[in-house]
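Shown next, in structure tokens, is the structure this report addresses.
The values are calculated or read from the model by the stated rules, or taken from the named source; none is laboratory data. If you're wondering where the values come from, they're calculated on a predicted model, not measured in any experiment. With ideal geometry, Cβ positions are generated from the backbone for all residues, glycine too; neighbour counts draw on all protein chains shown. Note: areas computed on protein heavy atoms with side chains; ligands, DNA, RNA excluded. Shrake-Rupley method; radii C 1.70, N 1.55, O 1.52, S 1.80 Å.
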Amino acid sequence: MENFKVIIVEDVPLELKGTIGIFKNDIPEAEIIGTAEDEPAYWRLMKQQRPDLVLLDLGLGGSTTVGVEICRHTKESYPNIRVLIFTGEILNEKLWVDVLDAGCDGIILKSGELLTRGDVASVMGGKRYVFNQPILQKVIERFKYSVTNQLKRQEALVSYEIDEYDERFLRHLALGYTKEQITNLRGMPFGVKSLEKRQNELVQKLFPDGNDGMSVNAARLVVRALELRILDIDNLHPDEE
């Protein structure tokens, strides 16, 4: 790893001391050209000298949004500067998404093995999405959950013999479309009577044992399709009309 310059943005003195110690002991290639405890101090430093890396805490002065905005403005103004997040916000997943959208190069949570030489070397080597073990575990869990749900949906489509038109019909019912509106969708070659027949056929497919003697309306049919994962609640989007 070649020599590089770093600015550390951290508002807790004890944590700042520990972070500086990590660099001095484990990453001698790093030259700390300044530290900042808040946004104004950070931008003053940036006017004096440009770093190669900004190690950025998110929770500054009790605010989490300040760190996200520092990251966004830094990446917009200086795209070649690496921004590595080093944060104690270990449960705020929405914040992780916000700072990734802001263009950060990685997120290191202040738990587990903390900041390592390998993390910094990866970022300085141009790698994107550098995460340490605690956040990687969360990412893997969500990935496995997403893939499992996709497989269950594919299996449901096959098991219940759901074709393209069935899926489109159910999806638009879930979105609140009437049968008349669905017939006007591009590529939907059915009239209202045909859709009513298709709905009855879907009821027989999805409720093979009946519905405890009760009739099944469109709303109950949609709920059943969601329960069976025939419909993906996170991807209910209308087709072009």
Could you count how many residues in the stretch 147-163 are touching a helix residue (DSSP H, G or I) at 6+ places or on another chain (Cβ under 7 Å) and open to solvent by 90 Å² or more (accessible area, probe 1.4 Å)?
-> 1
Consider only pairs whose beta carbons are under 6 Å apart and that are at least six residues apart or on different chains; among these, list those whose first residue lies in the stretch 21-34 and is among the charged types (D, E, K, R) and whose second residue is outside any helix (DSSP H, G or I) and open to solvent by 30 Å² or more (accessible area, probe 1.4 Å).
-> Glu29/Met1; Glu29/Asn3; Glu31/Lys5
Members of the stretch 189-232 found to be in contact (Cβ under 8 Å) with a residue 40 or more places away in the chain, open to solvent by less than 50 Å² (accessible area, probe 1.4 Å) and in a loop (DSSP other than H, G, I, E, B), listed by number = Leu228, Ile230, Leu231
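Where residues in the stretch 95-124 are in contact with an Asp or Glu (Cβ under 6 Å, 6 or more places away or on another chain) and in contact (Cβ under 8 Å) with a residue 60 or more places away in the chain, which of them is least open to solvent (accessible area, probe 1.4 Å)? Break it down stepwise before answering.
Residues of the stretch 95-124 in contact with an Asp or Glu (Cβ under 6 Å, 6 or more places away or on another chain): 95, 108, 117, 123.
From what's left, in contact (Cβ under 8 Å) with a residue 60 or more places away in the chain: 117, 123.
Working: Arg117: 95, Val123: 1 Å².
That would be Val123.
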